[in-house]
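Worksheet for the structure shown next.
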């Protein structure tokens, strides 16, 4: 019942290791391609928006727009829903941050010296010029680091954010795959009903945020969806933020109740009558 998340320096071999682990353990493998397909099912426009924000850092204005909020929250919701299936490999997409604190989740990162990554990228992408490969690596790494900091406020390179950091120039893919296999077997034993309950609450909170974020009819300055979990009895969602009128508050509460089922909910909204440009934030 374990979960593996992989963050990687571009060209370090994380993708190859992820596929090796998935094949060896018969785990599902979730990457960018799968998430884009999920986005498309929400609506064709969301697939295009996801491609755009995957390849471009949002401008200061775009960070507060409906489209970027929707992209971020939909991505998080999809990842957490996949995590609920367990026995899964999640490539990138902030999975290590989303699953922090889940005991049966193993969060790893792969790195390698730039020379090794240039060699790999030239081979895998059929790039004949090392300078072009180095430029591509630098571009992708900066985009991923920037996205992580913008969304999660954390340093992408911080080893404290991972359970293991593997240098693929020091260990072979097979050696790393076997280490991960052994660690995932240990994580299997850490799976508990309480851990699963926490993950379900995380996924539900993300689903609610996404549902509200992609609703263009709602005017929300700040939305916070959290949860409390104290055993299997005293638990529930905590939903609050800043809205601009009574109708928005009522509509949001209706959405939350419809999605939450029997999960207890605590609401705490405040009013701001006149939203300012750049006010909209999702935490």
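In the stretch 1-124, the inverse of the mean reciprocal separation of distinct Cα atoms equals 15.5 Å; this is its Kirkwood hydrodynamic radius. Geometric descriptor of the stretch 109-181, per residue, is 101 Å³ (volume of the convex hull of the Cα atoms). Per residue, the Cα convex hull of the chain amounts to 131 Å³. Residue ranges 67-74, 20-27, 52-59 sort as 67-74, 20-27, 52-59 when ordered by packing (mean number of other C-beta atoms within 10 Å per residue, highest first). Comparing 161, 34, 76 in a Gaussian network model of the chain, where Cα atoms under 10 Å apart are tied by springs, the biggest mean-square fluctuation is seen for 34. Calculated mean residue ellipticity, 222 nm, the chain: -16500 deg cm²/dmol, from DSSP H runs (n ≥ 4) at -39500 (n - 2.57) each, averaged per residue and rounded to 500.
Here, each number is a calculation from the coordinates, and none is a lab measurement. Please read all numbers here as calculations on a predicted model, not as lab measurements. With ideal geometry, Cβ positions are generated from the backbone for all residues, glycine too; neighbour counts draw on all protein chains shown.
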